[in-house]
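Heads up, the thing below is written out as C-alpha cells.
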Amino acid sequence: MIQTLYFMIGLVIAITIHEFAHAFTADKLGDPTPRAQGRLSLNPLAHLDPVGTLMLFLVHFGWGKPVVFDPYNLAHPRRDAGIISIAGPVSNLLLAIALSVLLRFTPVPYFFVPLFYVIVLLNISLAVFNLIPVYPLDGEKILAAILPRDLAYEYQAVMNRYGMIILILMIFPVFGSSPVISLITPAIEFLSRLLLG
C-alpha cells in the first residue's frame, strides 16, 4: 500500500510538472491560450485528465490533460512548438536531478528517501517516454521542429493520421513484452544509474 501511494504521488507530481512546463513556456513565447485555460498552475487538478487519472488508479498507467496552444500566436510556429514540447521532458529531468542531488548530498529524512527515489524514477521515465517521436508524444513536435520544412510537414501529416495507432502498437505487449518498454528501458536505466548511483 505504501509503494502504491508513493507511485501515485510520484506520477501526479511528474505529470503536473510536465504539463505546467508546457503551459509556462507557451505563455512566455507569446501564446495566452494556456493562461486563459487556467493551466499556468502547479495545482494537479488543473492538469489531470479524468480518464487518465482513473487509469492511474486502475492499472498504474495514466496521463495528463494535454496543454493546448495556438501556433498562430507564436512568432516562429514550428520552432516554438518544438520548444514548448521539449519543455515538458526537460522539466521532468530537472526535477529528477534536483531530487537526486538532495538524496546523494543532503541528510534527507528517512521517510522521504523511498518517495524521492520513486519520484526521480517516474520523472526520468516520463521524460524518456515523451521523447519518442510519435504523435501525440512531445518527441513528434520536437523532431518536426528540427527537420527541413517540407519533410517536417510530410512527417506530421503521417503522424496525425497514423501516430496514435503506431503508439498503441508500440505499447501493446508483443511476445510477452512491450516494444516501447524495450526501446526506452536502456535510456531510463542509464539515467537512473547516473543520477542515483
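Quick note: the coordinates plus some simple rules give every number you see, no bench work behind them. Just so you know, these numbers come straight off a predicted model, no measurement behind them. Quick reminder, even Gly has a Cβ in these numbers, built from the backbone with ideal geometry, and neighbours come from all protein chains shown.
At-a-glance table
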read-out	value
Span-rule helices in the chain, defined as complete DSSP H runs reaching 20 Å or more along the axis (Cα) with Kyte mean at least 0.5	2-28, 77-105, 112-130, 149-171, 179-196
Dipole magnitude of the chain about its Cα centre (Cβ charges: Lys, Arg +1; Asp, Glu -1), debye to nearest 20	200 debye
Spin-label model distance (nm) - residue 154 vs residue 70, 7 Å beyond Cα toward Cβ	3.3 nm
Whole-Å distance, taken between Cα centres, linking the range 60-98 and the range 176-197	22 Å
Virtual spin-label span in nm between residue 112 and residue 33, 7 Å along Cα→Cβ	3.7 nm
For residue 48, distant residues with modelled amide H under 5 Å away	65
Linear extension gain, residue 146 paired with residue 165, 0.36 nm per residue minus alpha-carbon span	4.5 nm
